[in-house]
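Everything on this sheet refers to the single structure shown next.
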Amino acid sequence: MTLDEKLAQLVGFWVDQGDEVVAPMAGEMASSTAYAEATVHGLGQLTRVYGTRPVDPIERADWLWREQRRLVGETRLGIPALVHEECLTGLAAWQAATFPTPLAWGAAFDPDLVEEMGALIGASMRELGIHQGLAPVLDVIRDPRWGRVDECIAEDPYVVGVIGSAYVRGMQGAGVHATLKHFVGYSGSQAGRNHAPVHAGPREIADVFLPPFEMAVRDGGVRSVMNSYAEIDGMPVAATPAYLTGVLRDEWGFDGTVVSDYFSVAFLQTMHAVARDRGEAAQLALEAGIDVELPTGDAFTAPLAARVRDGQVDEAIVDRAVRRVLTQKEDLGLLDETFETPPAEIDLDSPAHRAVARRLAEESVVLLRNDGVLPLDAPRRVAVVGPNADSAEALMGCYSFANHVLAHHPGVPLGFEIPTLAASLTAALPGAEIAVTRGCDAEGDDRAGFAEAEAAARAADVAIVAVGDRAGLFGRGTVGEGNDVESLELPGVQRELVERIIATGTPVVLVVLSGRPYAIDWALAGEGAAAAALQAFFPGEEGGPAIAGILSGEVSPSGHLPVSLPRSAGAQPYSYLHPVLGGMTDITSADSTPALPFGHGLSYTSFARDGLSVPVSVEAGGTFTATVRVRNTGDRPGADLVQLYARDVHASVTRPVAQLLGFARVELEPGAGATVSLTVPTSRLAFTGREGVRIVEPGAVELWVGPSCAERETETEIQIVGEVHRVASADARLVTVAVER
């Protein structure tokens with residue numbers, strides 16, 4: 001291969017970019033290179049063929065197959081291009097299914113269902129000739145003010161790793177390579193601001209941010225990783241070999257490809273200012289371990305070629321990346337593909353897609369409070385109020401095709417069915433008179449609709465008030481990439497609307513449709529509280545029917561908070577994984593205690609958990625089994641989330657006051673019980689010791705099971721004995737679960 005042919009394999013090209021500004025700074029970074037010129041020597045990747053603008057998938061597939069045949073037949077080496085797309089809430093393409101956002105995956109605590117979803121998404125992508133998906137996001141939530149929280153799974157690294165790895169297995173089982181985002185530390189940004197510096201120390205990086213990625217690499221077998229935009233302690237990740245090579249490849253044994261987040265190579269010059277020009281940026285990124293520049297070749301083509309030819313860059317580094325790229329294409333079957341017959345028809349939103357979307361939406365809705373008003377008891381008149389009451393967009397996340405792309409194409413239909421909450425309630429309550437009124441917008445200070453909303457509520461037996469977010473990007477919307485906030489109050493005048501409706505005296509069911517948790521403690525307790533409150537994190541195309549099913553009683557809620565419900569923005573950043581001094585103490589007047597804790601979630605039935613039992617001791621580095629009995633003590637079927645927590649009583653460094661070790665969803669009929677066994681490797685209690693090495697220390701560990709991290713319903717203690725155990729690559733990382741009924 002010539003140098004130009006090698007470099008051509010290390011870049012993407014955004015064929016449809018043009019005026020479609022759907023990525024950060026895309027307009028400013030747009031390449032002036034014509035497509036024909038860019039593919040003379042071949043091409044590594046095609047960027048978002050289906051996901052940049054609304055295109056008919058069959059027509060676009062026909063174009064793609066012809067273009068691949070051209071690359072095979074008209075370039076010297078005949079190597080096809082790898083095609084990548086966004087797929088965080090389903091394939092981001094017109095007419096494709098839109099699933100719940102990752103924060104809803106976390107709320108469902110159901111890895112098997114997420115794996116099933118990943119397989120469906122991957123199958124759709126593979127049928128359209130797509131080879132790589134830019135998901136899942138494995139950033140651990142640290143600050144809900146950050147706009148990209150709706151792309152994240154949870155504030156617990158283990159939950160993120162287990163559920164993220166399930167998505168990887170599902171997608172890759174369908175023949176599409178998943179891509180972990182954003183390696184590493186991205187969500188720890190200063191004050192929750194996108195692209196802000198990260199001030200995490202090496203212990204926080206090792207014990208909080210890295211574990212989900214390690215699980216997805218070692219246990220999930222992921223084939224691609226994307227770098228973070230972040231700079232950690234002044235070091236941009238895109239130019240840091242210690243992460244992209246030292247940890248990822250040398251320690252974990254990752255042998256796939258590392259792709260750059262969009263424009264992050266150029267950002268080494270334009271935003272981080274650690275490179276003088278694009279050529280130096282390319283050298284820094286390539287030497288650090290980035291193999292492919294996305295979405296275009298601003299740095300890895302002519303600027304990098306010049307530095308190789310003048311001797312500043314060793315061509316062996318280029319060869320290393322090219323070998324990885326060609327290996328990936330070979331693994332995907334691209335090198336033998338003839339591209340003879342594009343799909344003649346395809347259903348991107350099949351009954352199977354919708355069934356999984358419905359189940360995941362139902363399992364993800366969290367019942368925060370209920371004074372008995374739910375489930376609804378055949379109301380005659382229902383007021384459905386709020387900016388999210390009759391909005392399809394309010395059900396979808398930032399990286400849904402509708403909010404990410406179609407927002408730039410007003411008038412283009414969504415291309416799939418997505419019933420609003422109001423429409424779904426009308427269907428679920430056929431005997432009720434439904435009055436729908438907006439009240440106010442998601443943003444702004446217009447109160448003109450308040451009076452109509454209050455009148456509708458006064459005339460009703462119950463008022464469903466749907467508030468929250470409108471997802472978008474970079475100032476368009478209230479949450480999403482670039483939409484960071486300083487306050488965690490509901491956007492605009494929504495709180496005032498809720499309080500006015502509550503003041504009518506009609507029982508109010510608050511439904512929060514959002515991409516982040518908001519400070520709504522005022523609606524959860526006290527005289528001004530709502531009668532009931534539900535939290536739904538962008539539940540997708542079947543979210544309306546799912547919520548309506550829960551409100552009507554057809555479905556019993558079973559979601560649990562994957563992130564603490566904050567008391568205020570001033571308490572951020574906050575994590576339930578805090579040491580003693582990270583919580584409320586007698587030496588500060590500021591209370592960071594959340595309004596509701598991690599793991600909280602109510603049901604229409606009740607559960608009792610007792611008899612937590614473990615061995616007296618376990619060897620450091622060994623494994624122990626915890627068993628607990630759970631019973632459905634109510635009169636309705638339901639699913640309990642068994643949550644096993646631990647606290648390291650004394651350690652050589654400060655440890656969290658609570659840490660989730662493992663979890664299990666258990667479906668139980670009224671009066672039924674089950675014994676749940678969780679087999680726990682002591683590596684779940686590992687931490688980075690004083691010497692910077694992850695260890696398991698001997699000592700006492702408190703264990704408990706309860707309805708959240710804050711409640712010890714049944715508890716015991718285990719002693720870790722023996723010598724300090726240094727965690728090895730072969731150590732187990734996953735808790736296994738067995739349920740005996």
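Worth pointing out:
- Just one of the listed residues (G289, G220) is on the phi < 0 side of the Ramachandran plot and crowded, with 22+ Cβ neighbours inside 10 Å, namely G220.
- Residue that is nearest to R631 (Cα to Cα) [pool: residues in the range 678-710 that are crowded, with 18+ Cβ neighbours inside 10 Å and polar (S, T, N, Q)]: S708
- So A191, is it more than 27 Å from V727 (Cα to Cα) and either in contact with a His (Cβ under 8 Å, 6 or more places away or on another chain) or buried (at least 24 other Cβ atoms within 10 Å of the Cβ) (or both): no
- Neighbours by Cβ (under 7 Å, 6+ apart or cross-chain): first from the range 241-256, assigned to a loop (DSSP other than H, G, I, E, B); second β-branched (V, I, T): W252/V217; F254/V217; F254/V225; G256/V222; G256/V225
- Where helices (runs of 4 or more DSSP H) fall wholly inside the range 26-132, the ranges with 1 or more residues that are among the aliphatic types (A, V, I, L, M) and more than 16 Å from the chain's Cα centre (by Cα) are 26-29, 35-38, 57-74, 111-127.
- In the range 1-16, the residues that are more than 19 Å from I317 (Cα to Cα) and acidic (D, E): D16
- Subset of the range 400-447 (residues that are assigned to a loop (DSSP other than H, G, I, E, B) and closer than 24 Å to Y518 by Cα): S400, T420, R438, G439, C440, D441, A442, E443, G444, D445, D446, R447
- Looking at G544, G540, just one residue is crowded, with 19+ Cβ neighbours inside 10 Å, part of a loop (DSSP other than H, G, I, E, B), within 25 Å of the chain's Cα centre (by Cα) and modelled with pLDDT of 95 or more, and that residue is G540.
- Residues of the range 724-741 classified as of a type in the set (G, A, S) and either under 20 Å from A639 (Cα atoms) or touching a Pro at 6+ places or on another chain (Cβ under 6 Å) (or both), total: 2
- Only one entry of V160, V149, V168 meets the criterion of being farther than 22 Å from V247 by Cα, under 14 Å from the mean Cα position of the chain (by Cα) and in a helix (DSSP H, G or I), and that entry is V149.
- Taken over the range 336-349, the criterion of being surrounded by fewer than 18 Cβ atoms within 10 Å (Cβ to Cβ) and closer than 20 Å to P54 by Cβ is satisfied by P343, E345, I346, D347.
The values are calculated or read from the model by the stated rules, or taken from the named source; none is laboratory data. Predicted model only: the values in this text are computed from it and were never measured. Cβ atoms come from the backbone with ideal geometry, glycine included; neighbour counts cover every protein chain shown.
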